[in-house]
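Participant: I have a structure I would like to understand better, so I am pasting it below and will then ask my questions one at a time.
The values are calculated or read from the model by the stated rules, or taken from the named source; none is laboratory data. Keep in mind the model is a prediction, meaning the values are calculated, not measured. All Cβ positions, glycine included, derive from the backbone under ideal geometry; neighbour counts span all protein chains shown.
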Amino acid sequence: MTAKKLMVLGGSAFQIPLIQKAKEMGLYVITCDYLPGNPGHVLSDEYHNVSTTDPEAVLAIAQQCGIDAITTFCSDPAVPAVAFVAEAMSLPGPSLKSVEQLTEKDKFRQAMKDAELNTPEVYVLDSAVVPETINCEKRYIVKPVDSSGSKGITRSAGTKEALLAAIEYALTFSRAGRCVIESFIDGPQVHGDAFISNGKVVYHYLGDHYFYTDTNSFIPISTRWPASISLEAIDSVISQVEKIVSHVSYLDGPINIEARIDSTGEAYIIEVGPRNGGNFVPIIQQRLSGFDFTEAVIAISLGNKVTATCFDQYKAGAYYILHAAVEGVFSGVEMSEVLQNSLFYQYLFKNSGDTVSPYTGSNQTIGVCLFEGDKISLNESFTNQPPSVLTSENEHEAGVSYE
């Protein structure tokens, strides 16, 4: 019997687990992106050099190849193309409208308002102008509506000049030429992957989300499972997630959740991305809980349902992004004995001798480490002696906080 053809958009290190799983399942795997040197293409049966953000070009290749299914893994920019091709070829997959409502930040905020869910103060801009009605002394987060990997995001410093600079910066990273200004919500942030089946969350595992703030870019640096927030707050997050995915009709598939809990205990959804998290989040979640995201994502792309799975115990663990605080030449990584003993996976995007830049977005990531161990010991280690990237200047990272 001829193997079914699965098109996977993206061939980076983050897509490798999905490609490997698909091959194990006996599928013929076709990978696409504009980087022929990506490691995933070596593992696939066929590769096509086409941008995952060009839906028409991807569709042409998909029709030429006669694919049976299409998906992606850990990639925000590729999800609209997955939906576009799935609709055009009548394949299983999300609708383009639902994906756009979740991935474009201005449309997402409007959908949250329409669904009557907790929403921060929001402004949408298509030019570098500070809105007259905004209070520049307040703290805001400024984001491109359609960028990924935290690129173009800035927390304004409380002045009109800082806010204008943040708007200009965000617009340079937006393909659509739009950005959003959102009021900053003080309080802990949680993050993790979940899976939707028939509009219900059948799996989730949320952890405490930490950020790198030295460059004021407010970039995620680590998630540590399990989350420290109350069960009531977690229930509120999941309840709101189910309401928004049902509102936009994204009824089956993976989601990446970010939420904040304010000083009154109210939960605010920051993001519900219709894809798995990056930084090998689905891999560590499988390690900690047993839920196999790669198999579930492939099953959905083939039109199969994923049923609820209960787990008796969720283990503690974390991912940590290796990065540089200053520009220099990468020479290695240092970490404490506790972290060394808890480390079960490390992937480096840089080689010794490569130039590294200050961390302002995922494109400056040096590597990702995955840990499993006692939550208290891990937290103490990250706080007192986090993994350090060594450069020619021997600079160590700093600036990890909830803010």
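Participant: Select, from Ser75, Ser51, the only residue that is surrounded by fewer than 17 Cβ atoms within 10 Å (Cβ to Cβ), in a loop (DSSP other than H, G, I, E, B) and of a type in the set (Ser, Thr, Tyr).
Facilitator: Ser51
Participant: What are the residues in the range 113-147 that are in contact with a Ser or Thr (Cβ under 7 Å, 6 or more places away or on another chain), basic (Lys, Arg) and in the same structural domain as Arg178 (by TED's automatic domain parsing), if any?
Facilitator: Lys138, Arg139
Participant: Further, regarding this structure: Against the condition surrounded by fewer than 24 Cβ atoms within 10 Å (Cβ to Cβ), free of Cβ contacts under 8 Å to residues at least 12 places away in the same chain and not polar (S, T, N, Q), how does Glu24 come out, does it pass? Before the answer, list the steps.
Facilitator: On the way: surrounded by fewer than 24 Cβ atoms within 10 Å (Cβ to Cβ): yes; free of Cβ contacts under 8 Å to residues at least 12 places away in the same chain: yes; not polar (S, T, N, Q): yes.
So Glu24 passes the test.
Participant: What do you reckon, is Gly37 closer than 24 Å to Asn304 by Cα, assigned to a loop (DSSP other than H, G, I, E, B) and either modelled with pLDDT of 95 or more or outside the structural domain of Ile298 (by TED's automatic domain parsing) (or both)?
Facilitator: For Gly37, the condition - closer than 24 Å to Asn304 by Cα, assigned to a loop (DSSP other than H, G, I, E, B) and either modelled with pLDDT of 95 or more or outside the structural domain of Ile298 (by TED's automatic domain parsing) (or both) - is not met.
Participant: Looking at Ile270, Ile284, Ile257, Ile234, which one is out of contact with any helix residue (DSSP H, G or I) (no Cβ under 7 Å at 6 or more places or on another chain) and closer than 17 Å to Cys74 by Cβ?
Facilitator: The conditions single out Ile284.
Participant: For Gly177, which of the numbered conditions (1) touching a residue at least 40 places away in the same chain (Cβ under 8 Å); (2) surrounded by 22 or more Cβ atoms within 10 Å (Cβ to Cβ); (3) not hydroxyl-bearing (Ser, Thr, Tyr) fails to hold?
Facilitator: For Gly177, the exception is condition (2).
Participant: Answer with yes or no whether Gln240 is in contact (Cβ under 8 Å) with a residue 40 or more places away in the chain, under 25 Å from Val368 (Cβ atoms) and buried (at least 18 other Cβ atoms within 10 Å of the Cβ). So that I can check it myself, show each step before the final result.
Facilitator: Numbers: in contact (Cβ under 8 Å) with a residue 40 or more places away in the chain: yes; under 25 Å from Val368 (Cβ atoms): no; buried (at least 18 other Cβ atoms within 10 Å of the Cβ): yes.
Judged against the criteria, Gln240 is not a match.
Participant: Also, quick follow-up: Hey, can you tell me all the residues within the range 154-168 that are free of Cβ contacts under 8 Å to residues at least 60 places away in the same chain and either among the hydrophobic types (A, V, I, L, M, F, W, C) or assigned to a strand (DSSP E or B) (or both)?
Facilitator: Across the range 154-168, the qualifying residues are Ala157, Ala162, Leu163, Leu164, Ala165, Ala166, Ile167.
Participant: Can you tell me which residue among Ser263, Ser301, Ser249 is at pLDDT 95 or above and surrounded by fewer than 17 Cβ atoms within 10 Å (Cβ to Cβ)?
Facilitator: Details: Ser263 fails: at pLDDT 95 or above; Ser301 fails: surrounded by fewer than 17 Cβ atoms within 10 Å (Cβ to Cβ).
None of the other options fit; the residue is Ser249.
Participant: Moving on. Is there a residue in the range 88-97 that is over 18 Å from Gly253 (Cβ atoms), among the hydrophobic types (A, V, I, L, M, F, W, C) and either touching a residue at least 40 places away in the same chain (Cβ under 8 Å) or in a loop (DSSP other than H, G, I, E, B) (or both)?
Facilitator: No.
Participant: Filter the range 130-143 down to the residues that are in contact with a Leu (Cβ under 8 Å, 6 or more places away or on another chain) and part of a loop (DSSP other than H, G, I, E, B), then identify the one that is surrounded by the fewest Cβ atoms within 10 Å (Cβ to Cβ).
Facilitator: So the residue we want is Pro131.
A quick yes/no check of all residues on (1) closer than 21 Å to Asp193 by Cα; (2) among the hydrophobic types (A, V, I, L, M, F, W, C):
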residue: Gly11; (1), (2): yes, no
residue: Pro17; (1), (2): yes, no
residue: His41; (1), (2): no, no
residue: Ala60; (1), (2): no, yes
residue: Gln63; (1), (2): no, no
residue: Cys74; (1), (2): yes, yes
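Participant: Given the criterion more than 21 Å from the chain's Cα centre (by Cα) and among the aliphatic types (A, V, I, L, M), identify the matching residue among Val281, Val306, Val297, Val272.
Facilitator: Values: Val281 fails: more than 21 Å from the chain's Cα centre (by Cα); Val297 fails: more than 21 Å from the chain's Cα centre (by Cα); Val272 fails: more than 21 Å from the chain's Cα centre (by Cα).
After applying the criteria, what remains is Val306.
Participant: Something else now. What residue, among those in the range 169-213 that are part of a strand (DSSP E or B) and β-branched (Val, Ile, Thr), is nearest to the chain's Cα centre (by Cα)?
Facilitator: So, considering only residues that are part of a strand (DSSP E or B) and β-branched (Val, Ile, Thr), the one nearest to the chain's Cα centre (by Cα) is Val190.
Participant: Could you count how many residues in the range 141-159 are at pLDDT 90 or above and over 21 Å from the mean Cα position of the chain (by Cα)?
Facilitator: 0
Participant: Taking the options Gly187, Gly192, Gly253, name whichever one is in contact with a Leu (Cβ under 7 Å, 6 or more places away or on another chain) and touching a residue at least 24 places away in the same chain (Cβ under 8 Å).
Facilitator: Gly192
Participant: Something else now. When only residues in the range 221-230 that are of a type outside the set (Lys, Arg) and closer than 22 Å to Ile284 by Cα count, which is surrounded by the most Cβ atoms within 10 Å (Cβ to Cβ)?
Facilitator: It comes out as Thr223.
Participant: Being among the hydrophobic types (A, V, I, L, M, F, W, C) and either at pLDDT 95 or above or farther than 22 Å from Ile261 by Cα (or both) is the requirement here; does Val180 meet it? Even if it seems obvious, please write down each step before you answer.
Facilitator: Details: among the hydrophobic types (A, V, I, L, M, F, W, C): yes; either at pLDDT 95 or above or farther than 22 Å from Ile261 by Cα (or both): no.
Here the answer is no, as Val180 does not meet what is asked.
Participant: Within the group Ala325, Ala299, Ala318, which residue is closer than 21 Å to Ser392 by Cα and not aromatic (Phe, Trp, Tyr)?
Facilitator: Ala325
Participant: Can you pull out every residue in the range 1-27 that is more than 23 Å from Val368 (Cα to Cα) and touching a Cys at 6+ places or on another chain (Cβ under 9 Å)?
Facilitator: Lys5, Met7
Participant: Out of (1) among the hydrophobic types (A, V, I, L, M, F, W, C); (2) surrounded by fewer than 18 Cβ atoms within 10 Å (Cβ to Cβ); (3) touching a Leu at 6+ places or on another chain (Cβ under 9 Å); (4) more than 21 Å from Ser98 (Cβ to Cβ), what's the single condition that is false for Val326?
Facilitator: (3)
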